[in-house]
Amino acid sequence: MSHSFGQVQELLKAVPCVALDRMLFTLTDDKGGTAVVFVAWIEFDDRDKAREFKKLEDIHGTGDLTPLSGSLLQIADVPFTAHNYDSAVLDGVTVVIAEAENVAGGFTAAYLDDIAGVAVLTPRP
């Protein structure tokens, strides 16, 4: 899968997904701070494959899906660290991952974690 890297990519070569949707959006606060949020929905054809993917994806440093370009939002590309991350399994076969990063301002790591926790609930496009 060209939209991934590391061990995550190797797993997706062995256990291909049946659908991938990705979204990138920004959030701003009343102090002018901006965070960028990446959400991806990875659908598999059975529950075991989805669980296997989520288990690997949840381990920091094993690779990831490649976020969409920040140019889509007229911002510079943001290096996603996966430190502000959350994931969930929907309908048994779809893994949702969300990551949040600062663009400008001083969002704390805890706040960015909270953003990721809410972002995994974003309805699939």
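The values are calculated or read from the model by the stated rules, or taken from the named source; none is laboratory data. Model, not experiment: these values are computed from the prediction. Please note: Cβ atoms are built from the backbone with ideal geometry, for glycine as well, and neighbour counts cover all protein chains shown. Protein only, heavy atoms only, side chains kept; ligands, DNA and RNA dropped before computing areas. Shrake-Rupley method; radii C 1.70, N 1.55, O 1.52, S 1.80 Å.
A few points about this structure:
- The stretch 36-89: translational diffusion in µm²/s, Stokes-Einstein, Kirkwood Rh over Cα pairs, 37 °C, 0.692 mPa s: 259
- Radius of gyration and maximum dimension Dmax of the stretch 4-60, Cα, Å: 14.8, 46
- Split the accessible area of the chain by element, probe 1.4 Å, and carbon with sulfur accounts for 54%.
- Nearby aspartates and glutamates by direct alpha-carbon distance to Lys54 (threshold 17 angstrom, same-chain neighbours under 8 apart not counted): Glu10, Asp21, Glu43, Asp45, Asp46, Asp64, Asp86, Asp91, Glu99
- Helix 47-57 vs. the chain, principal-axis angle (Cα, 0 to 90°, nearest 10): 50
- Seen against the Cα atoms of the chain and their longest principal axis, helix 109-119 is set at about 50 degrees.
- Sequence-ordered 3J(HN,Hα) estimates for the stretch 102-107 from the Karplus curve with 6.51, -1.76 and 1.60 and θ = phi - 60° stand at 6, 10, 8, x, x, 4 Hz, glycine and proline given as x.
- With a Förster radius of 25 Å applied to the C-beta separation of Ala19 and Ser69, the computed FRET efficiency comes to 0.75.
- Based on alpha carbons, the Rg and Dmax found for the stretch 62-125 are 12.5, 37 Å.
- Value of relative contact order over the chain, rounded to a whole percent, pairs C-alpha under 8 Å and six or more apart: 29
- Note on the chain: with charges restricted to the Cβ of Lys and Arg (+1) and Asp and Glu (-1), its dipole about the Cα centre is near 140 debye.
- Semi-axis lengths, largest first, of the ellipsoid equivalent to the chain are 26, 14, 13 Å, with √(5λ) applied to each eigenvalue of the Cα gyration tensor.
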